[in-house]
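Please read the structure below before turning to the comments.
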Amino acid sequence: MHRDTAVQPWLAHFSDPEAVRHYADGPPRFVPGFADLHRMTRILLAEQVAQDARVLVLGAGGGLELKALAEAEPRWSFVGVDPALAMLKLAEQTLGPFNARVELQQGYIDDAPDGPFDAATCLLTFHFLDADERRRTAREIHRRLRPGAPFVVAHSSFPQADAERARWLSRYAAYAIASGADPDLANNARAAVDANLNLFSPEQDAQILREAGFRDVELFYAAFTWRGWLANA
């Protein structure tokens, strides 16, 4: 992510104390298999990295995936980057004793250390970026990875033809409601996603990764409006 292209009102939302306070309740209700996505991410990275791997986590605010990865892999260390200071403070609280193995950095991909890292993740983040910035950010992640290092990325990605887009967005809201979200909140989230997120088809998203230099781009996660890929630098 780059300072000049962070999408509003999302950054303001992630700086709002009330939104931050309730953040952890949201992803499990809106993202099918949210905890399983974290488990799969750890499994995919562990296939290729050493036990003492250093992992870059872009979009680390809240600390949920950092905690899941640190808990499962006691020798991995992490650099977590996020533009929202309030979310990084929440990550510190979430991580608790795991903070000893995590360096948190406020900012965007350009503020991340050069590495080289053994692996990287970017979960529920790329949909805030337009195509050019998404491609540039992916290139900057690629540049910070060791040759062949794994990268796991997952975000909102589904067919974008008008009728298909509307149908899938309705399913996005319906899933959240079925998972316990307040109907008004879910429908407001649907409208905000429709109006403000940069959404592409899974085929376009995979191509962006290839254009950024990643190879062996492989879909591993598909759940309603969400997709996840494993790729290698």
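The values are calculated or read from the model by the stated rules, or taken from the named source; none is laboratory data. Because the structure is predicted, anything quoted here is derived from the model rather than measured. When we count neighbours, we look across all protein chains shown, and the Cβ atoms used for this are built from the backbone with ideal geometry, even at glycine. All accessible areas refer to the heavy atoms of the entire protein, side chains included, with ligands and DNA or RNA removed. Shrake-Rupley method; radii C 1.70, N 1.55, O 1.52, S 1.80 Å.
Brief remarks follow.
- The criterion of being under 24 Å from ALA206 (Cα atoms), part of a strand (DSSP E or B), within 13 Å of the chain's Cα centre (by Cα) and in contact (Cβ under 8 Å) with a residue 40 or more places away in the chain holds for ALA120.
- Pair list, Cβ under 6 Å, 6 or more apart: region 169-189 residue touching a residue at least 24 places away in the same chain (Cβ under 8 Å), other residue of a type in the set (Phe, Trp, Tyr): ARG171/PHE224; TYR175/PHE224; ALA176/PHE30
- Test result for VAL49, in a strand (DSSP E or B) and touching a residue at least 40 places away in the same chain (Cβ under 8 Å): no
One line per residue, one yes/no per condition, for (1) surrounded by 22 or more Cβ atoms within 10 Å (Cβ to Cβ); (2) part of a strand (DSSP E or B); (3) in contact with a Cys (Cβ under 8 Å, 6 or more places away or on another chain); (4) not aliphatic (A, V, I, L, M):
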site	(1), (2), (3), (4)
GLY80	yes, yes, no, yes
MET87	yes, no, no, no
ALA91	yes, no, no, no
ASN99	no, no, no, yes
GLN105	no, yes, no, yes
ASP110	no, no, no, yes
GLY115	no, no, no, yes
ARG134	yes, no, no, yes
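- Residues considered: ALA50, ALA70, ALA60. Of these, the only one that is buried (at least 21 other Cβ atoms within 10 Å of the Cβ) and under 20 Å from ARG144 (Cα atoms) is ALA60.
- Within region 117-129, the residues that satisfy the criterion of being touching a Lys or Arg at 6+ places or on another chain (Cβ under 9 Å), closer than 20 Å to ALA149 by Cα and open to solvent by less than 20 Å² (accessible area, probe 1.4 Å) are PHE117, ALA119, ALA120, PHE126.
- If the condition is being crowded, with 18+ Cβ neighbours inside 10 Å, in a strand (DSSP E or B) and of a type in the set (D, E, K, R), then region 197-227 contributes only ARG227.
- Extreme residue, farthest from the chain's Cα centre (by Cα), among residues of region 136-154 that are surrounded by 24 or more Cβ atoms within 10 Å (Cβ to Cβ) and either on the phi > 0 side of the Ramachandran plot or among the aliphatic types (A, V, I, L, M) (or both): ALA149
- Scope region 171-180; condition out of contact with any Phe, Trp or Tyr (no Cβ under 7 Å at 6 or more places or on another chain) and either surrounded by 17 or more Cβ atoms within 10 Å (Cβ to Cβ) or of a type outside the set (Ser, Thr, Tyr) (or both); matching residues: ALA173, ALA174, ILE177, ALA178, GLY180
- Any hit, region 124-132, residues being more than 19 Å from GLU211 (Cα to Cα) and touching a residue at least 24 places away in the same chain (Cβ under 8 Å): yes
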